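Below is one structure, written out as structure tokens, with a few remarks after it.
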Amino acid sequence: MSKPILVFLHGVGTGDPEGRWKERLSETLLRLGYPDLDSARVIAPRYAHALKGADEKEPLPPVTGRQPAGEAARKNRRDFERRVGAVEFRLGRPDRGEGYIGGDVVVDRAVATPFFAQARNYLTDDMVRAQVLNRILSKLPDSGRIVLVGHSLGSVIAADLVRRLPEGIEVVGMVTIGSPLASESFGVDNLRDTLREPPTNLAWWVSFWDWRDPVSARRGVSSAFPWMIDFQVRTRALSPAATHQAIEYFTHDVVAEAIGFALFGSRSKEVAQVEKGVDVPLDTAENFALLALRYAHLIKQRLEGDQQDRYAGALRNVQANIVALLKEQRHTTGRPLPTAVAEIAFDLSDPGAIAPQPRPARHLAKDEAVVPLTVLIAENVILPYEINVAADKKQSAMTELTAEMGLGGVFGTDVFDAAKRAQNALGAGRGVNWLKWGALGAGAAALVVATGGLALAAGAGLVGAAAITSALAAFGPGGMIGGLLTAGTLVTAGGGGIAFGLASPGTPAETLEAVVSGQLTAEILRKKHNLESDPAVRRNLVEMEMELRREHERLDEFSDPSATSIKELKRKVEAVERALAHLTALGVAPPVPGEDAHDTDATPREPRSRWRQVRERIPVGFGDQAKVRRSGGTE
């Protein structure tokens with residue numbers, strides 16, 4: 001395999017003809033233990049003159065990379081996320097920044113000044129743009145591997161160029177520094193739409209910004225391209241103008257680390273041991289249990305003092321119990337024990353024995369990870385012990401967990417953000433922590449027991465009703481494994497009996513709120529990451545509201561207005577109404593029962609008529625005076 005070529009694209013100005021950027025980057029690479037750039041092939045096209053104006057009319061180079069569709073597109077996204085997650089794990093925690101009020105205005109005004117005339121020409125004159133792109137392409141080979149590094153306007157050119165490279169070129173890594181791409185005025189050729197998904201020829205893309213750099217405006221570029229990641233760096237420059245210089249960015253270790261890794265591979269001299277033999281695959285319960293244990297260990301690492309000691313002791317007991325249950329289940333079914341389970345076993349009777357950490361979590365695609373991660377942040381992963389851990393420590397652990405999984409640390413932050421938004425939507429001013437911790441798992445297990453499994457019937461859920469039934473039989477609905485699996489199934493809306501079960505007077509409003517909050521969290525997270533919505537959630541909420549209103553109609557006829565059952569029903573309906581309203585605000589409109597979700601011209605059917613009748617009979621919100629009485633068969 002050929003060595004990658006470093007391609008550096010400069011910003012406005014002369015293009016650094018003295019090559020100071022190269023000297024500075026070589027110094028930093030050597031300091032980190034990498035070879036310097038004399039051992040690599042470097043291509044640094046200079047196009048400063050071309051940015052001043054077009055000499056003659058040239059066509060834009062054609063787009064060579066076509067985005068895949070369907071399953072191929074999903075696979076491309078998953079593979080990219082795995083690669084960029086590995087890079088993140090190497091570089092540290094990303095930071096996309098928040099920008100500042102008026103930042104875009106400052107950048108736009110700067111582009112209008114004479115100093116940035118070259119940038120303005122590239123953004124507005126297709127002849128100049130074509131001339132620059134063609135000049136760069138003329139310097140590149142027809143095939144091979146390159147590391148693409150762009151500074152300032154060069155980052156815009158790099159994003160524009162990556163889809164127009166020869167089909168034989170593979171970009172093994174793209175690094176942008178001091179980039180203005182987060183500003184809409186730099187979205188040349190509608191880049192935000194054309195790069196909605198990572199190009200198939202791009203292995204990964206990371207961008208670095210300095211908080212004093214006026215061009216990056218205190219933010220990275222993942223707000224425009226959410227599939228890549230940003231890192232904030234602090235350069236040693238004394239002035240904001242100097243901060244923006246490429247040589248200042250190349251002085252920073254983490255920037256050089258990204259480029260060095262792309263060019264030369266890992267600088268570690270250690271050889272990773274490859275496990276021999278073919279291991280048996282983990283089943284669903286084992287995967288979920290190991291994921292929960294890994295999360296618990298990451299939480300433990302963030303605790304201190306007495307709290308850490310107590311958490312470690314609780315986790316030690318929980319882990320021993322889980323391993324024993326998994327072993328027993330494998331033995332009962334006559335299946336060999338997977339290595340991943342065997343290697344976290346230890347002798348609980350030995351007080352000096354340390355509970356081994358599970359391996360870093362396996363990669364999951366984002367659409368597959370939504371439900372288990374939504375459940376993990378809502379549940380107590382050291383059940384039956386209860387230790388109150390600060391939310392920021394759990395969120396930090398989740399960030400590392402999602403980075404390990406190849407999803408990126410930002411995804412972990414977004415899981416918590418989605419949960420807060422869901423609780424705010426349902427809480428109506430009660431605050432973001434009004435739901436009881438662990439209510440989802442406890443309520444879900446109780447709901448399954450109360451309905452005889454009806455809540456899971458006819459619904460595939462997380463792993464299928466048959467798998468859930470088997471897991472509950474083996475581990476019990478109240479244990480950690482059974483509780484997590486059952487909660488995960490109800491977050492996916494469960495089966496057809498969930499609406500009936502949650503509407504039942506025997507189910508507390510707290511349980512309904514916990515289940516609905518989990519479902520809404522998952523939908524908010526899917527929307528945030530442009531993932532396909534789960535239609536079962538919308539359908540389930542509509543059916544749930546229908547059942548609740550029918551139950552209210554039945555009880556309200558003769559019950560006191562202050563009756564506990566009426567108050568509980570009102571609380572339930574309000575939670576479902578708020579969830580539906582929030583989904584509508586997200587653009588995820590709930591379907592009407594009896595309509596095909598894909599048939600916009602559907603003809604009303606009987607279930608729809610009954611639904612309308614119920615909505616007309618029971619006013620939304622139903623206050624103290626909203627009581628409907630039947631009289632003579634009419635309303």
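The values are calculated or read from the model by the stated rules, or taken from the named source; none is laboratory data. Worth saying up front: this structure is predicted, and the values here are computed from it rather than measured. Glycine gets a Cβ as well: all are built from the backbone with ideal geometry, and neighbour counts include every protein chain shown. We work out accessible area using only protein heavy atoms, side chains counted, and drop any ligands, DNA or RNA first. Shrake-Rupley method; radii C 1.70, N 1.55, O 1.52, S 1.80 Å.
What to note about this one:
- Listed by first and then second residue, the pairs with beta-carbon distance under 6 Å, at least 6 apart or on different chains, first residue in the stretch 69-86 and in contact (Cβ under 8 Å) with a residue 12 or more places away in the chain, second assigned to a helix (DSSP H, G or I) and surrounded by 12 or more Cβ atoms within 10 Å (Cβ to Cβ), are G85/A403.
- Candidate set: the stretch 189-216, residues that are assigned to a loop (DSSP other than H, G, I, E, B) and of a type in the set (F, W, Y); chosen: the one farthest from V63 (Cα to Cα): W211
- Cβ pairs under 6 Å, 6+ apart, first in the stretch 341-361 and on the phi < 0 side of the Ramachandran plot, second loosely packed, with under 15 Cβ neighbours inside 10 Å and modelled with pLDDT of 90 or more: I344/P356
- Screening L123, L181 for residues that are of a type outside the set (V, I, T), open to solvent by less than 50 Å² (accessible area, probe 1.4 Å) and assigned to a loop (DSSP other than H, G, I, E, B) leaves exactly one candidate, L181.
- If the condition is being free of Cβ contacts under 8 Å to residues at least 60 places away in the same chain and over 15 Å from A575 (Cα atoms), then the stretch 541-556 contributes E551, R554, L555.
- Filtered by the rule that a residue be touching a strand residue (DSSP E or B) at 6+ places or on another chain (Cβ under 6 Å) and surrounded by 16 or more Cβ atoms within 10 Å (Cβ to Cβ), the stretch 43-83 gives a lone residue, A44.
- Elements of the type helices (runs of 4 or more DSSP H) sitting completely within the stretch 1-104 and holding at least 3 residues that are of a type in the set (A, V, I, L, M, F, W, C) and more than 27 Å from W227 (Cα to Cα): these cover 20-32, 48-52.
- Qualifying residue in the stretch 227-243 (condition: open to solvent by 30 Å² or more (accessible area, probe 1.4 Å) and closer than 28 Å to K139 by Cβ): no
- Hits in the stretch 570-588 - residues which are farther than 15 Å from I524 by Cα and either without any contact (Cβ under 8 Å) to a residue 24 or more places away in the chain or open to solvent by 60 Å² or more (accessible area, probe 1.4 Å) (or both): K570, R571
- The stretch 277-360 holds helices (runs of 4 or more DSSP H) entirely within its bounds, and those carrying 1 or more residues that are open to solvent by 10 Å² or more (accessible area, probe 1.4 Å) and out of contact with any helix residue (DSSP H, G or I) (no Cβ under 9 Å at 6 or more places or on another chain) map to 305-332, 339-342.
- Odd one out for E27, checked against (1) under 31 Å from the mean Cα position of the chain (by Cα); (2) open to solvent by 30 Å² or more (accessible area, probe 1.4 Å); (3) of a type in the set (D, E): (1)
- Considering (1) of a type in the set (A, V, I, L, M, F, W, C); (2) modelled with pLDDT under 95; (3) closer than 15 Å to V147 by Cβ, the lone condition that L51 does not fulfil carries the number (3).
- Odd one out for D367 among (1) at pLDDT 90 or above; (2) closer than 30 Å to E532 by Cβ: (1)
- Residue match in the stretch 190-197 (condition: free of Cβ contacts under 8 Å to residues at least 40 places away in the same chain, over 18 Å from L25 (Cβ atoms) and buried (at least 22 other Cβ atoms within 10 Å of the Cβ)): yes
- Condition broken by V271, with the remaining ones in (1) modelled with pLDDT of 90 or more; (2) part of a loop (DSSP other than H, G, I, E, B); (3) farther than 21 Å from R96 by Cβ; (4) of a type in the set (A, V, I, L, M, F, W, C) satisfied: (1)
- When residues of the stretch 549-569 are limited to those that are surrounded by 14 or more Cβ atoms within 10 Å (Cβ to Cβ) and basic (K, R), the one nearest to L426 (Cα to Cα): R549
- A Cβ distance below 8 Å, combined with a sequence gap of six or more or placement on separate chains, defines the contacts here; from the stretch 395-407, residues that are acidic (D, E) reach residues that are in a loop (DSSP other than H, G, I, E, B) in the pairs E404/P360; E404/A361.
- Unique residue being among the hydroxyl-bearing types (S, T, Y), modelled with pLDDT of 80 or more and surrounded by 18 or more Cβ atoms within 10 Å (Cβ to Cβ) when the list is S533, S517: S517
Let's see how each residue does on (1) of a type in the set (D, E); (2) in contact (Cβ under 8 Å) with a residue 40 or more places away in the chain; (3) within 22 Å of F89 (Cβ to Cβ):
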| residue | (1), (2), (3) |
| --- | --- |
| I169 | no, no, no |
| N201 | no, yes, no |
| S207 | no, yes, yes |
| R212 | no, no, no |
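- Residues that are at pLDDT below 95, within 23 Å of T194 (Cβ to Cβ) and of a type in the set (G, A, S) within the stretch 206-259 comprise S216, A217, G220, S222, S223, A224, listed in sequence order.
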